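Chemist: This is the structure I have questions about; it appears just below.
The values are calculated or read from the model by the stated rules, or taken from the named source; none is laboratory data. Note that this is a predicted model, so its numbers are computed, not measured. Note that each Cβ is placed from the backbone with ideal geometry, even for glycine, and that neighbours are counted across all protein chains shown.
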Amino acid sequence: MELIRIFSTGDEHWPDVVDLYTRSFPERERRNINTLEIVLTDRYFHAVKFVINNGFAALMFYWQLNDLVFLEHFAVTENNRGKSYGKQMMAWLLKLPATYFLLEVEHPFDDNSQRRIAFYERLGFSTNHYEYFQPSYRETDDPLPLLLMSQPAIDSLDTFQLLTRELHEVVYDRFLL
């Protein structure tokens with residue numbers, strides 16, 4: 001497995017990553033491409049392309065803050081799903097220095113969302129049962145009710161609020177369109 005960090009929109013790998021990103025996430029759950037290109041220059045943001053056997057296998061967008069790593073988007077290409085690559089990529093992420101690892105998931109309303117939650121639980125993530133809304137990526141949209149999963153589990157409402165405040169201020173509030 002090879003990791004390629006993307007630093008600019010001029011990177012030869014950027015078009016593949018953008019294509020998978022737009023195909024994998026509904027518009028409401030992703031940034032528009034102009035905003036994503038601005039975010040790409042942020043010092044906390046990391047865009048990574050995973051290559052396996054010389055082929056594009058996955059993308060991962062994450063934020064490395066002070067004591068926190070937030071996985072904003074993670075998608076495996078269709079032909080690489082079910083091969084344990086996602087597990088390997090998450091194992092790589094979980095080796096980064098952080099006290100908490102956070103990610104957002106949809107409520108378990110269908111088979112796909114239930115499988116996604118179970119995948120992260122097998123990796124040691126816990127669902128935090130405090131009310132959580134993903135701030136909108138656009139000023140015209142409402143916040144989206146999601147679940148915030150973490151590793152380790154968040155032990156108090158105070159800690160949950162502290163972490164989500166940092167997450168919202170750094171990841172979302174600075175990049176609204």
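Chemist: I'd like the residue in region 43-54 that is in contact (Cβ under 8 Å) with a residue 12 or more places away in the chain and not aliphatic (A, V, I, L, M) and, out of all such residues, is surrounded by the most Cβ atoms within 10 Å (Cβ to Cβ).
Modeler: Filtering first and then ranking leaves PHE50.
Chemist: What pairs can you find where one residue is in region 122-144 and more than 23 Å from GLU37 (Cα to Cα) and of a type outside the set (Phe, Trp, Tyr), the other is modelled with pLDDT of 90 or more and surrounded by fewer than 16 Cβ atoms within 10 Å (Cβ to Cβ), and their Cβ atoms are less than 6 Å apart, with a gap of 6+ or different chains?
Modeler: Close Cβ pairs satisfying both conditions: SER126/ALA153.
Here's the yes/no breakdown for (1) in contact with a Leu (Cβ under 8 Å, 6 or more places away or on another chain); (2) hydroxyl-bearing (Ser, Thr, Tyr):
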position	(1), (2)
ALA98	yes, no
GLU104	yes, no
SER136	yes, yes
LEU162	no, no
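Chemist: Shifting gears a bit: What number of residues in region 78-123 are assigned to a loop (DSSP other than H, G, I, E, B), of a type outside the set (A, V, I, L, M) and surrounded by 14 or more Cβ atoms within 10 Å (Cβ to Cβ)?
Modeler: Counting residues in region 78-123 that are assigned to a loop (DSSP other than H, G, I, E, B), of a type outside the set (A, V, I, L, M) and surrounded by 14 or more Cβ atoms within 10 Å (Cβ to Cβ) gives 2.
Chemist: Further, regarding this structure: Condition check: among the aromatic types (Phe, Trp, Tyr) and modelled with pLDDT of 95 or more. Does PHE119 satisfy that?
Modeler: yes
The rows are residues; the columns are (1) among the polar types (S, T, N, Q); (2) within 25 Å of ARG81 (Cα to Cα); (3) assigned to a strand (DSSP E or B).
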{"site": "GLU12", "(1), (2), (3)": "no, yes, no"}
{"site": "LEU20", "(1), (2), (3)": "no, yes, no"}
{"site": "ARG23", "(1), (2), (3)": "no, yes, no"}
{"site": "ARG31", "(1), (2), (3)": "no, yes, no"}
{"site": "ASN34", "(1), (2), (3)": "yes, no, no"}
{"site": "GLU37", "(1), (2), (3)": "no, no, no"}
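Chemist: Can I ask one more? Scanning region 124-136 for residues that are in contact with a Pro (Cβ under 7 Å, 6 or more places away or on another chain) and in a loop (DSSP other than H, G, I, E, B), which turns out nearest to GLU27 (Cα to Cα)?
Modeler: The residue in question is SER136.
Chemist: Here is a further query. Quickly run through region 150-173 and pick out the residues that are assigned to a helix (DSSP H, G or I), exposed (fewer than 12 other Cβ atoms within 10 Å of the Cβ) and in contact (Cβ under 8 Å) with a residue 12 or more places away in the chain.
Modeler: LEU157, ASP173, listed by residue number.
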